[in-house]
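The values are calculated or read from the model by the stated rules, or taken from the named source; none is laboratory data. Quantities reported herein were computed from a predicted structural model and do not represent experimental measurements. A quick note on method: Cβ atoms are made from the backbone with ideal geometry, for glycine too, and the neighbour counts reach across all protein chains shown. Protein only, heavy atoms only, side chains kept; ligands, DNA and RNA dropped before computing areas. Shrake-Rupley method; radii C 1.70, N 1.55, O 1.52, S 1.80 Å.
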Amino acid sequence: MIHTLKALSGMQVAPHHLAAQAGRDVLRDGGNAVEAMVAAAAAIAVVYPHMNAIGGDGFWLIHEPGKPVVAIDACGPAAALASRDFYAGLSAIPSRGPTAALTVAGTIGGWAKALEVAAPWGSALPLSRLLADGIRHAQNGVAVTTSQSALTRQKLEGLKDAPGFAHTFLVNGQPPEPGHVLKQPALARTLTALAERGLDDFYRGELGARIGAALERSGSPLRASDLAAYRAQLVEPLAVRLDDSTVYNLPPPTQGLAALMILGLFERLGVSEGEGFAHIHGLVESTKRAFRVRERVVTDPGRVPADPRGFLQPGSLSTLAATIDRQRALPWPDPAAPGDTIWMGAIDAQGRAVSFIQSVYWEFGSGTVLEDTGICWQNRGTSFSLDPKALNTLEPGRKPFHTLNPSLAVFDDGRVMPYGTMGGEGQPQTQAAVFTRYARFGQPLQQAVSAPRWLLGRTWGDESTTLKLESRFDPALVDALRAAGHAVEVLPEAFSDTMGHAGALVRHPNGVIEGAADPRSDGSVAAL
């Protein structure tokens, strides 16, 4: 029996239990959902460093009862020096090392902007309280997870020579074993400085100057002036209207458009039963159509060739859904873009809900750990192309294509559901699986997250673009998908990291909050 946890006074879900507890404890101390999320974000940057860091980006959806959903874009642009000439002689931007660290890290700016949004909600907890757990875990150490150990070993060749990586994350030049106590004293000092001087110090203060100097010394094109010019932005969320709800996500440069299109297309197929061929085939085929639109449209917000909202209109969705063959698979592959990330959700006693995602792109991002700060910097800019004709061609000041996209659904009956996952290319696919299982086919929330999942496309270290299925799927369903023309690959694992680390919360009109964490992760639901 799979049980969904329930509570009344607040709930936090995260893919690492210490981050979930950090958020829950802020709720217990009287904090709101945004403050809880900042605490969880600081903690998870310490305890799950292969998946995210304060040297990465973030995106927020914030729902306050009776108010429009607020979206925050905390994605940093390419450095002023990050031109195609900077990478002259190369066919692609390097994926690791200092030259892969070419975009501003926006997530700290996103924390600050979210706290501004929450400021009218009442007396605020001090920043020192919100960052306390992250500081403590960095100072005292945290037990390395099996996930961190395995991915460090798997990606070691590309990471070991990145400046600062071996000193910070290896043990005598080797990946840490699970349970090794990882201490990050430099990161503890950095978080302490932010707690004492404010989050703006990361960009326009003493810390920003030190970060900029460290980036320059490492060989990155980023400078302190790039940090000083950055601020996270409030943006209008994208939304798709479904039969009984409105689902929100982020606009470009994220792939939120694809996540919403999948749901809008699938709804038009009229599938009445979950887990069978019609459900899986329908979502996979909806994914293919959505990804083709994404590849044509999603880029820097100032350069999108068409209004993404047009693709979410009922007529556009119906026209595209009509191209889906209910029995046969569309030939594939098309381009894929995997990545690694964390998603977290929070709901407070007043019903305010947050869906949040934070990432460094690949595992450990660029692998570059800035000296004396402990900050591991993202490699999100490697998604830029050096082809001047490409939609996502590199130019100074442009934002890179982002796989990150948190979702939040507001149901007509008063339920609110923040949900999401890590997993790059798999993010919109897993979101669609969780949402349809819960909202369309009546599965309990935890079952919707735990049930076997699939991924169309490639993952890191694997160039195949097959339809990958966890081994728990019914063999008869697998055979039916193959017969329909899907290039099916059954993974050996029953619960595979390939499928991402999902989570979801639902607040009901009577105040009951439900939460589900992914058994594929090291996470948990923590509640009051």
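When region 206-223 is limited to residues that are open to solvent by 20 Å² or more (accessible area, probe 1.4 Å) and without any contact (Cβ under 8 Å) to a residue 24 or more places away in the chain, the one that is farthest from residue 124 (Cα to Cα) turns out to be 216. Working only within region 300-331, note down all residues that are part of a loop (DSSP other than H, G, I, E, B) and surrounded by fewer than 13 Cβ atoms within 10 Å (Cβ to Cβ). Selection gives 302, 305, 306, 307, 322, 323, 325, 327, 331. Based on what the data block shows, is residue 195 open to solvent by less than 50 Å² (accessible area, probe 1.4 Å) and either assigned to a strand (DSSP E or B) or over 28 Å from residue 141 (Cβ atoms) (or both)? So residue 195 fails the test.
Checked against the criteria, residue 121 counts as touching a residue at least 12 places away in the same chain (Cβ under 8 Å), open to solvent by 40 Å² or more (accessible area, probe 1.4 Å) and aromatic (Phe, Trp, Tyr). State whether the residues of region 474-491 include one that is open to solvent by 40 Å² or more (accessible area, probe 1.4 Å) and β-branched (Val, Ile, Thr). Yes, there is a match, as at least one residue in region 474-491 is open to solvent by 40 Å² or more (accessible area, probe 1.4 Å) and β-branched (Val, Ile, Thr). The combined condition, being touching a Gly at 6+ places or on another chain (Cβ under 8 Å), of a type in the set (Lys, Arg) and under 21 Å from residue 404 (Cβ atoms), is fulfilled by residue 520. Scanning region 124-141 for residues that are of a type in the set (A, V, I, L, M) and either open to solvent by 50 Å² or more (accessible area, probe 1.4 Å) or under 29 Å from residue 70 (Cα atoms) (or both) turns up 124, 125, 127, 130, 131, 132, 135. Do we find that residue 286 is within 24 Å of residue 499 (Cβ to Cβ), in a strand (DSSP E or B) and open to solvent by less than 50 Å² (accessible area, probe 1.4 Å) in this structure? It is false that residue 286 is within 24 Å of residue 499 (Cβ to Cβ), in a strand (DSSP E or B) and open to solvent by less than 50 Å² (accessible area, probe 1.4 Å). Determine which single condition residue 275 fails, assuming it passes every other condition in (1) more than 16 Å from residue 326 (Cβ to Cβ); (2) modelled with pLDDT of 95 or more; (3) in contact with a strand residue (DSSP E or B) (Cβ under 9 Å, 6 or more places away or on another chain). Residue 275 satisfies all of (1) more than 16 Å from residue 326 (Cβ to Cβ); (2) modelled with pLDDT of 95 or more; (3) in contact with a strand residue (DSSP E or B) (Cβ under 9 Å, 6 or more places away or on another chain) except (3).
Within region 102-120, the set of residues being aliphatic (A, V, I, L, M) and farther than 24 Å from residue 379 by Cβ comprises 114, 115, 117, 118, 119.
In the set 254, 287, only one residue is within 30 Å of residue 85 (Cβ to Cβ) and either hydroxyl-bearing (Ser, Thr, Tyr) or in contact (Cβ under 8 Å) with a residue 40 or more places away in the chain (or both); that residue is 254. Looking at region 418-528, the helices (runs of 4 or more DSSP H) lying wholly inside it that each contain 3 or more residues that are under 24 Å from residue 261 (Cβ atoms) sit at 427-435, 445-450. Scanning region 90-146 for residues that are part of a helix (DSSP H, G or I), out of contact with any Pro (no Cβ under 6 Å at 6 or more places or on another chain) and of a type in the set (A, V, I, L, M) gives 108, 112, 114, 115, 117, 118, 119, 127, 130, 132, 135, 138. Number of residues in region 1-43 that are open to solvent by 10 Å² or more (accessible area, probe 1.4 Å) and either part of a strand (DSSP E or B) or farther than 22 Å from residue 194 by Cβ (or both): the value is 11. If you filter region 391-416 down to residues that are charged (D, E, K, R) and surrounded by fewer than 24 Cβ atoms within 10 Å (Cβ to Cβ), you find that the one that is farthest from residue 274 (Cα to Cα) is 395.
Confirm whether residue 62 is modelled with pLDDT of 95 or more, of a type outside the set (Gly, Ala, Ser), crowded, with 22+ Cβ neighbours inside 10 Å and assigned to a strand (DSSP E or B).
It is true that residue 62 is modelled with pLDDT of 95 or more, of a type outside the set (Gly, Ala, Ser), crowded, with 22+ Cβ neighbours inside 10 Å and assigned to a strand (DSSP E or B).
Kindly establish whether residue 144 is surrounded by 21 or more Cβ atoms within 10 Å (Cβ to Cβ) and free of Cβ contacts under 8 Å to residues at least 60 places away in the same chain. Yes: the conditions hold for residue 144. All conditions in (1) touching an Asp or Glu at 6+ places or on another chain (Cβ under 8 Å); (2) of a type outside the set (Asp, Glu); (3) within 20 Å of residue 199 (Cα to Cα); (4) open to solvent by less than 30 Å² (accessible area, probe 1.4 Å) hold for residue 227, with the sole exception of (1).
Filtering region 77-100 for residues that are open to solvent by less than 10 Å² (accessible area, probe 1.4 Å), within 16 Å of the chain's Cα centre (by Cα) and in contact (Cβ under 8 Å) with a residue 40 or more places away in the chain leaves an empty set.
Applying a threshold of 7 Å to beta carbon distances and a minimum spacing of six or more residues, or different chains, the list of pairs starting in region 168-196 at a residue that is farther than 21 Å from residue 368 by Cα and of a type in the set (Gly, Ala, Ser) and ending at one that is open to solvent by 50 Å² or more (accessible area, probe 1.4 Å) and part of a helix (DSSP H, G or I) reads 195/128.
Residues checked against (1) open to solvent by less than 20 Å² (accessible area, probe 1.4 Å); (2) at negative phi; (3) not aliphatic (A, V, I, L, M):
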site: 370; (1), (2), (3): yes, yes, no
site: 385; (1), (2), (3): no, yes, yes
site: 418; (1), (2), (3): yes, yes, yes
site: 433; (1), (2), (3): yes, yes, no
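The lone criterion from (1) in contact with a Phe, Trp or Tyr (Cβ under 7 Å, 6 or more places away or on another chain); (2) without any contact (Cβ under 8 Å) to a residue 60 or more places away in the chain; (3) under 21 Å from residue 408 (Cβ atoms) left unmet by residue 342 is number (2). Residue 238 fulfils the conditions (1) touching a residue at least 60 places away in the same chain (Cβ under 8 Å); (2) more than 23 Å from residue 301 (Cα to Cα); (3) open to solvent by less than 10 Å² (accessible area, probe 1.4 Å) except for a single criterion, (2).
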